[in-house]
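The values are calculated or read from the model by the stated rules, or taken from the named source; none is laboratory data. The structure displayed is predicted, hence computed values, not measured ones. Positions of Cβ are generated from backbone atoms using ideal geometry, with glycine treated the same way; all protein chains shown enter the neighbour counts. Calculation scope for accessible area: heavy atoms of the full protein, side chains included, ligands and nucleic acids excluded. Shrake-Rupley method; radii C 1.70, N 1.55, O 1.52, S 1.80 Å.
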Amino acid sequence: MAVIDPRTKAGYVLEVEDRFDGTELDRGLWLPYYLPHWSSRTAAAARYRLGDGQLRLVVEEDQPPWCPEFDGEVRVSSLQTGEFCGPVGSAIGQHRFSLAAVVREAQDDVRLYTPRYGFFEIRARAGVDGSSMAALWMIGYEDAPERSAEICVFEIFGRDVGPSEARVGMGVHPFGDPLLTDEFAAEPLPIDVREFHVYAVEWTAGQVAFFVDDRLVRVVRQSPAYPMQFLLDVYAFPGPGGALPPGPWPKELVVDWFRGWRPVAG
């Protein structure tokens with residue numbers, strides 16, 4: 001099956017673009033929380049800055065864990081383009097990462113940007129170290145348990161970063177989708193992820209193709225078949241015994257722009 005030419009984007013039309021030019025986050029596109037149903041909007045609130053036409057998502061030294069009840073001392077700043085969960089006390093909610101997790105705070109159902117198929121790209125750089133990770137990923141809106149797969153556009157652990165090469169994670173995770181199998185890899189690429197690069201994915205009915213700087217890196221010959229939302233985030237992971245991660249601080253993901261293209265026939 002053919003893949004897109006990411007330079008021309010033939011067959012696609014621009015649907016969403018955020019150049020982060022203003023002083024305020026576009027709340028018509030992004031919710032500044034990370035899976036808040038498992039903790040609270042206050043605990044899961046992102047720390048970020050806008051300026052010079054860029055978004056800086058940061059985890060800072062004084063930032064508390066986002067969900068200590070179910071995720072220990074992990075700290076995260078994240079934006080997402082949708083939100084769905086069941087009632088308080090239920091196990092119904094997007095990306096239930098732990099079997100112990102239950103909804104702790106009611107949330108409105110929100111679909112800011114939940115496309116089904118398209119071409120999506122981001123220009124970003126990752127300021128991560130051995131205790132941190134940055135990512136752009138998509139998850140099913142999960143209004144039904146089986147609509148829960150993940151497409152990972154990029155995932156960069158600081159431990160996988162060298163001065164001229166990095167291992168960049170990309171692929172598909174099925175989670176509760178019985179029609180998919182796990183197909184994910186950390187691809188070694190000759191890039192410095194601390195500099196800006198363009199990470200992109202073409203998601204079609206038959207496959208998912210992954211690109212870095214307009215170069216095709218990987219194709220997964222299976223595909224989720226339902227609307228998905230985006231999560232853009234940076235994490236700081238605890239040390240032994242839940243200790244505060246070591247510096248330097250902040251851990252950050254800097255984004256120049258994000259774009260979503262829909263199929264012309266879509």
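For residues that are closer than 16 Å to residue 30 by Cβ and touching a Ser or Thr at 6+ places or on another chain (Cβ under 8 Å), scanning just segment 112-136, find the one that is surrounded by the fewest Cβ atoms within 10 Å (Cβ to Cβ).
Per the stated criteria, the residue is 112.
Can you pull out every residue in segment 191-219 that is part of a loop (DSSP other than H, G, I, E, B), open to solvent by 30 Å² or more (accessible area, probe 1.4 Å) and more than 17 Å from residue 180 (Cα to Cα)?
Selection gives 192, 194, 195, 196, 213, 214.
Residue 106: among the small types (Gly, Ala, Ser), within 21 Å of residue 200 (Cα to Cα), part of a loop (DSSP other than H, G, I, E, B) and out of contact with any His (no Cβ under 6 Å at 6 or more places or on another chain), yes or no? Spell out how you get there, then give the answer.
Working: among the small types (Gly, Ala, Ser): yes; within 21 Å of residue 200 (Cα to Cα): no; part of a loop (DSSP other than H, G, I, E, B): yes; out of contact with any His (no Cβ under 6 Å at 6 or more places or on another chain): yes.
Considered against the rule, which asks whether it is among the small types (Gly, Ala, Ser), within 21 Å of residue 200 (Cα to Cα), part of a loop (DSSP other than H, G, I, E, B) and out of contact with any His (no Cβ under 6 Å at 6 or more places or on another chain), residue 106 comes out as no.
Hey, can you tell me all the residues within segment 109-137 that are part of a loop (DSSP other than H, G, I, E, B) and either under 27 Å from residue 207 (Cα atoms) or touching a Phe, Trp or Tyr at 6+ places or on another chain (Cβ under 9 Å) (or both)? So that I can check it myself, show each step before the final result.
Applying the first criterion (part of a loop (DSSP other than H, G, I, E, B)) to segment 109-137 yields 109, 112-117, 128-131.
Residues satisfying the conditions are 109, 112, 113, 114, 115, 116, 117, 128, 130, 131.
Those residues that are exposed (fewer than 14 other Cβ atoms within 10 Å of the Cβ) and either modelled with pLDDT of 95 or more or touching a Lys or Arg at 6+ places or on another chain (Cβ under 7 Å) (or both), I need them from segment 220-263; list them, please.
Here is the first cut: in segment 220-263, the residues exposed (fewer than 14 other Cβ atoms within 10 Å of the Cβ) are 221, 239-243, 246-248.
Within segment 220-263, just 221 meets the criteria.
What residue, of 76, 103, 59, is β-branched (Val, Ile, Thr), surrounded by 20 or more Cβ atoms within 10 Å (Cβ to Cβ) and in contact with a helix residue (DSSP H, G or I) (Cβ under 9 Å, 6 or more places away or on another chain)? Lay out the reasoning, then the answer.
Details: 76 fails: in contact with a helix residue (DSSP H, G or I) (Cβ under 9 Å, 6 or more places away or on another chain); 59 fails: in contact with a helix residue (DSSP H, G or I) (Cβ under 9 Å, 6 or more places away or on another chain).
Going through 76, 103, 59 in turn, just one is β-branched (Val, Ile, Thr), surrounded by 20 or more Cβ atoms within 10 Å (Cβ to Cβ) and in contact with a helix residue (DSSP H, G or I) (Cβ under 9 Å, 6 or more places away or on another chain): 103.
Residue pairs, Cβ under 7 Å, 6 or more apart or interchain, first in segment 178-207 and free of Cβ contacts under 8 Å to residues at least 12 places away in the same chain, second part of a loop (DSSP other than H, G, I, E, B). List them.
Cβ pairs passing all conditions: 182/174.
Considering only segment 147-168, I want to know if a residue exists there that is open to solvent by 30 Å² or more (accessible area, probe 1.4 Å) and touching a residue at least 60 places away in the same chain (Cβ under 8 Å).
Step one: filter segment 147-168 for residues open to solvent by 30 Å² or more (accessible area, probe 1.4 Å), giving 147, 155, 157, 159-161, 163-165, 167.
Those still in the list that are touching a residue at least 60 places away in the same chain (Cβ under 8 Å) too: 147.
Checked segment 147-168: at least one residue is open to solvent by 30 Å² or more (accessible area, probe 1.4 Å) and touching a residue at least 60 places away in the same chain (Cβ under 8 Å).
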